[in-house]
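Remarks on the structure that follows.
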Amino acid sequence: KRSEGRLSATDVDSTAELEAAAHEVRAMVESEAVPDEVAEQIRKSYLDLAADRDNPPVAVRSSATAEDTESASFAGMNETFLNVRGADEVVDAVRRCWSSLFGARTVFYRAKRGFGQADMDIAVVVQTQILSTRAGVMFTIDPSSGARDHLVIEGSLGLGESVVSGQVSPDRYIVQKETLGIIKREVRRKELVIEPLPDGGTRTRELSQDEAITPVLNDDEVPAIAQLGVRDDEPYGTA
């Protein structure tokens, strides 16, 4: 209730006021302990996930109600924590995901879209993470042209966060579904890479001149990845 009142009285068009209010509310959320029964279940589930591995890396990801609707898209506004290792660290990352529901950008967007500041709930998903050296996204329909006989692969070096957050311009490959032939190849200059650290967490590193212009995928890898997209379309009758 305190959080809702503080944010509802905030002038979201005042950057300083918005940042101050959001910081205060986030600090309030993060100062509260995760309820014992929830923390216990998180730790148990993480240890079950770990099995015979020592502190395996996981991604702790936020997913809020109304994240993607006809009139609003909150995707990417709430926080994600990558390469989280250790049960206590996972519990802490979940709490920080909860607090990100009150980040300044999210509060501003809710206000402008007519959502009440207390009208949205948040879930947190914990997923086993692959510590990739290359990552990206694939669209089984060309999102630019709408062509259903094409698919598009976008990728960059390191973890996929650099692509989905828009921090780099990823390499782009357009593939003909039926033949798996490469229709168009765009190798772009990639300025940075997000890499996992050995003990958890990530670092952002500037790429060298050569790394920045090195293609993410070669001509054998592109059709191999495209084949996975075609295969995933088949159960839905859209391949």
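The values are calculated or read from the model by the stated rules, or taken from the named source; none is laboratory data. The shown structure was predicted, so the numbers you read here are calculated from the model rather than taken from an experiment. Quick reminder, even Gly has a Cβ in these numbers, built from the backbone with ideal geometry, and neighbours come from all protein chains shown. Please note that ligands, DNA and RNA were not included when accessible areas were found on the heavy atoms of the full protein model with its side chains. Shrake-Rupley method; radii C 1.70, N 1.55, O 1.52, S 1.80 Å.
Couple of notes before you dig in:
- Failed item in (1) in a helix (DSSP H, G or I); (2) open to solvent by 30 Å² or more (accessible area, probe 1.4 Å), with GLY146 passing the rest: (1)
- Filter pass, ASP199 being touching a residue at least 60 places away in the same chain (Cβ under 8 Å), closer than 30 Å to SER62 by Cα, of a type in the set (D, E, K, R) and outside any helix (DSSP H, G or I): yes
- Within segment 203-238, considering residues that are open to solvent by 70 Å² or more (accessible area, probe 1.4 Å) and among the aliphatic types (A, V, I, L, M), the one farthest from GLU178 (Cα to Cα): ILE213
- Complete set of residues in segment 149-161 that are farther than 27 Å from PRO198 by Cβ, in contact with a helix residue (DSSP H, G or I) (Cβ under 8 Å, 6 or more places away or on another chain) and open to solvent by less than 20 Å² (accessible area, probe 1.4 Å): LEU151, ILE153
- Condition broken by VAL137, with the remaining ones in (1) surrounded by 15 or more Cβ atoms within 10 Å (Cβ to Cβ); (2) aliphatic (A, V, I, L, M); (3) touching a Gly at 6+ places or on another chain (Cβ under 8 Å) satisfied: (1)
- VAL164 being open to solvent by 40 Å² or more (accessible area, probe 1.4 Å), among the hydrophobic types (A, V, I, L, M, F, W, C), at pLDDT below 90 and within 18 Å of GLY201 (Cα to Cα): yes
- Selection count, segment 167-193, where residues are surrounded by fewer than 16 Cβ atoms within 10 Å (Cβ to Cβ), touching a strand residue (DSSP E or B) at 6+ places or on another chain (Cβ under 7 Å) and of a type in the set (Asp, Glu): 2
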